[in-house]
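Asker: One structure coming up, written as structure tokens, with questions to follow.
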Amino acid sequence: VGLSVIQGAKIAGAATIVAVDPNEGKHPLAERFGATHTATLDTLDDTKNLLTAGQGFDYTFEVVGKSAAISTAWNITRRGGDVIVVGAGAADDNWEMNAFSLLFDGKTLKSSLYGESDLKREVPRFVDLWRAGRLDIDGLITRRIRFEELGDAIRALEKGDVVRQVVIFD
């Protein structure tokens, strides 16, 4: 999901795109898809300070689906900026914000279910972007597997060895 958000930001014309991932091994992949900078959670504040003079980012996208990630996104967003939650979280993972900060930080929290797409309009647009070489769908597929390999595929996802796997039915 994060790589798709990076591509969307690039297509939308974002000049600076920061990908945050604790697994530094995934940073080159994020850069390949359009990230201009990468950070881990440990280096995120330094990256924010370097790129925004400490003000924070205009837009942040949370793609993990965890309350801790929403808090991180909130904290690195500038006053008046937008935090967009894309990750599908668990029903029992609550995110808390005090009323004072909610009002005086002036930030907006938005959800984005499937990118808020109108599929009749967006799918042809995505195909056009793909045909023009501006949307890399093929690069999101790490490997193709057979149904019998599902167990191995799940382990590979858990270890972070793959981005996406496509099941081929013969």
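Asker: Can you pull out every residue in the stretch 115-143 that is of a type in the set (Lys, Arg) and surrounded by 11 or more Cβ atoms within 10 Å (Cβ to Cβ)?
Answerer: Start the filter on the stretch 115-143 by keeping residues that are of a type in the set (Lys, Arg), which leaves 120-121, 125, 131, 134, 143.
Of everything in the stretch 115-143, those that are of a type in the set (Lys, Arg) and surrounded by 11 or more Cβ atoms within 10 Å (Cβ to Cβ) turn out to be 125, 134, 143.
Asker: What residue, among those in the stretch 6-60 that are in a loop (DSSP other than H, G, I, E, B) and of a type in the set (S, T, N, Q), is most open to solvent (accessible area, probe 1.4 Å)?
Answerer: At the first step, the residues of the stretch 6-60 found to be in a loop (DSSP other than H, G, I, E, B) are 12-17, 21-23, 33-36, 40-43, 53-56.
Right, trim to of a type in the set (S, T, N, Q) and you get 16, 23, 36, 40, 43, 55.
On the way: 16: 74, 23: 65, 36: 65, 40: 17, 43: 58, 55: 129 Å².
Among residues in the stretch 6-60 that are in a loop (DSSP other than H, G, I, E, B) and of a type in the set (S, T, N, Q), the one most open to solvent (accessible area, probe 1.4 Å) is 55.
Asker: Right, another one. Given the residues 24, 31, 62, 96, which is the only one that is in contact with a helix residue (DSSP H, G or I) (Cβ under 7 Å, 6 or more places away or on another chain) and among the charged types (D, E, K, R)?
Answerer: 62
Asker: Scan the stretch 100-115 and report the pairs whose first residue is more than 20 Å from residue 8 (Cα to Cα) and whose second residue is open to solvent by less than 90 Å² (accessible area, probe 1.4 Å) and among the aliphatic types (A, V, I, L, M), with Cβ atoms within less than 9 Å and a gap of 6+ or a chain change.
Answerer: Partner pairs satisfying both residue conditions: 102/109; 105/97; 107/83.
Asker: As an exercise: evaluate residue 15 against (1) under 25 Å from residue 114 (Cα atoms); (2) in contact with a strand residue (DSSP E or B) (Cβ under 7 Å, 6 or more places away or on another chain); (3) not β-branched (Val, Ile, Thr) and give the number of the one condition it does not meet.
Answerer: (2) is the only condition that residue 15 fails.
Asker: Of everything in the stretch 74-94 that's more than 17 Å from the chain's Cα centre (by Cα) and farther than 23 Å from residue 117 by Cα, which residue is surrounded by the most Cβ atoms within 10 Å (Cβ to Cβ)?
Answerer: 78
Asker: Next up: Could you grab me the full set of residues in the stretch 12-26 that are in contact with a Lys or Arg (Cβ under 9 Å, 6 or more places away or on another chain) and of a type in the set (Gly, Ala, Ser)?
Answerer: Across the stretch 12-26, the qualifying residue is only 19.
Asker: Going by what's in this entry, would residue 70 be described as part of a helix (DSSP H, G or I) and within 29 Å of residue 159 (Cβ to Cβ)?
Answerer: It is true that residue 70 is part of a helix (DSSP H, G or I) and within 29 Å of residue 159 (Cβ to Cβ).
Asker: In the stretch 99-106, is there at least one residue being within 16 Å of residue 65 (Cβ to Cβ) and either touching a strand residue (DSSP E or B) at 6+ places or on another chain (Cβ under 8 Å) or open to solvent by less than 50 Å² (accessible area, probe 1.4 Å) (or both)?
Answerer: The answer is no; no qualifying residue exists.
Asker: Examine the stretch 56-77 for a residue that is over 22 Å from residue 96 (Cα atoms) and touching a residue at least 60 places away in the same chain (Cβ under 8 Å), and state whether such a residue exists.
Answerer: no
Asker: Name, by its number, the condition in (1) among the hydrophobic types (A, V, I, L, M, F, W, C); (2) surrounded by 12 or more Cβ atoms within 10 Å (Cβ to Cβ); (3) modelled with pLDDT of 90 or more that does not hold for residue 153.
Answerer: So residue 153 meets the others, but not (3).
The values are calculated or read from the model by the stated rules, or taken from the named source; none is laboratory data. Only a predicted model underlies this, so the values are computations on that prediction, with no experimental measurement involved. Cβ coordinates were reconstructed from backbone atoms using ideal geometry, including for glycine residues, and neighbour counts include every protein chain displayed. Please note that ligands, DNA and RNA were not included when accessible areas were found on the heavy atoms of the full protein model with its side chains. Shrake-Rupley method; radii C 1.70, N 1.55, O 1.52, S 1.80 Å.
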